[in-house]
1. Report, by residue number, each residue of the range 67-108 that is of a type in the set (A, V, I, L, M, F, W, C), part of a helix (DSSP H, G or I) and either in contact (Cβ under 8 Å) with a residue 40 or more places away in the chain or in contact with a Cys (Cβ under 8 Å, 6 or more places away or on another chain) (or both).
2. Just name the residue that is farthest from Ile100 (Cα to Cα) out of those in the range 5-60 that are assigned to a strand (DSSP E or B) and among the aromatic types (Phe, Trp, Tyr).
3. Six or more apart or on different chains, Cβ atoms under 6 Å: show the pairs whose first residue is in the range 1-30 and farther than 25 Å from Ile108 by Cα and whose second is surrounded by 15 or more Cβ atoms within 10 Å (Cβ to Cβ) and not hydrophobic (A, V, I, L, M, F, W, C).
4. I'd like to check something: does the range 111-134 contain any residue that is part of a helix (DSSP H, G or I), in contact (Cβ under 8 Å) with a residue 12 or more places away in the chain and touching a strand residue (DSSP E or B) at 6+ places or on another chain (Cβ under 7 Å)?
5. Counting only residues that are surrounded by 14 or more Cβ atoms within 10 Å (Cβ to Cβ) and among the polar types (S, T, N, Q), which one in the range 31-60 is farthest from Leu107 (Cα to Cα)?
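Just so it is clear, none of the values below were taken in a lab; they were calculated from the coordinates. All values reported here derive from a predicted model rather than from experimental measurement. As a convention, Cβ positions derive from the backbone with ideal geometry for all residues, glycine included, and neighbour counts pool all protein chains shown.
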Amino acid sequence: MIEHIHDQKKLLQKLRLMVLPGGVIFFGFPPWQMPFGGHQQMCKSKFLSKMPYYHLLPKKLYKWVLKTFNEPTEDLLEIKDTGISIERFETIVRETGYSITNKEHFLINPIYKYKFGWKGRKQLPLIKRIPWLRNYFTTCAYYLITPKNNQQ
């Protein structure tokens with residue numbers, strides 16, 4: 001749930017102290033720019049809860065939309081403040097001295113099997129290789145990371 005943490009870099013720095021030799025840390029998160037990266041499924045309005053991408057509106061306009069539909073404005077704005085892209089996550093991983101030992105991006109998040117009855121699907125290789133594009137069409141990113149001085 002790194003997309004809910006305000007100081008993501010500090011979190012990774014603190015986690016280094018808790019990883020045993022040879023240990024790994026798992027992260028699974030929705031990239032911010034994906035269709036529902038703003039967690040708009042929390043909305044009471046059926047219209048807003050199913051509307052993709054509007055969380056990417058400028059903050060003032062996004063706030064106005066949420067208030068207009070009487071939605072939990074503060075909670076959703078906090079998610080806007082903490083959302084994380086794939087590139088930002090990988091940058092923080094490098095900057096805090098970790099190695100990515102495994103990663104997988106999904107076009108259809110595996111958890112959607114339980115939420116919607118949809119089978120998980122890995123991201124298409126071409127889209128996975130295009131950083132800007134993959135953030136908009138990847139519903140989930142899974143990573144295993146390990147501190148560089150902690151590998152066996």
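1. To start, the set of residues in the range 67-108 that are of a type in the set (A, V, I, L, M, F, W, C) comprises 69, 76-77, 79, 84, 86, 89, 92-93, 100, 106-108.
Then drop every residue that is not part of a helix (DSSP H, G or I), which leaves 76-77, 79, 86, 89, 92-93.
Of everything in the range 67-108, those that are of a type in the set (A, V, I, L, M, F, W, C), part of a helix (DSSP H, G or I) and either in contact (Cβ under 8 Å) with a residue 40 or more places away in the chain or in contact with a Cys (Cβ under 8 Å, 6 or more places away or on another chain) (or both) turn out to be Leu76, Ile79, Ile86, Phe89, Ile92, Val93.
2. Kept after step one, since they are assigned to a strand (DSSP E or B), are these residues of the range 5-60: 25-29.
This time we only want the ones that are among the aromatic types (Phe, Trp, Tyr), so: 26-27, 29.
Numbers: Phe26: 10, Phe27: 11, Phe29: 15 Å.
Among residues in the range 5-60 that are assigned to a strand (DSSP E or B) and among the aromatic types (Phe, Trp, Tyr), the one farthest from Ile100 (Cα to Cα) is Phe29.
3. Qualifying pairs under 6 Å: His6/Thr82; Leu12/Thr96; Gln13/Thr96; Arg16/Pro147; Val19/Pro147; Val19/Asn150; Pro21/Asn150.
4. We begin by selecting, within the range 111-134, every residue part of a helix (DSSP H, G or I); these are 112-115, 125-128, 131-134.
Now drop any that are not in contact (Cβ under 8 Å) with a residue 12 or more places away in the chain, which leaves 112, 127-128, 131, 134.
Imposing the further condition that a residue be touching a strand residue (DSSP E or B) at 6+ places or on another chain (Cβ under 7 Å) reduces the set to 128, 134.
For the range 111-134, residues part of a helix (DSSP H, G or I), in contact (Cβ under 8 Å) with a residue 12 or more places away in the chain and touching a strand residue (DSSP E or B) at 6+ places or on another chain (Cβ under 7 Å): present.
5. Taking the range 31-60 as the starting set, the residues that turn out to be surrounded by 14 or more Cβ atoms within 10 Å (Cβ to Cβ) are 31-40, 42-43, 45, 48-49, 51, 53-57.
Those left that are additionally among the polar types (S, T, N, Q): 33, 40, 45, 49.
On the way: Gln33: 13, Gln40: 18, Ser45: 25, Ser49: 20 Å.
Result: Ser45.
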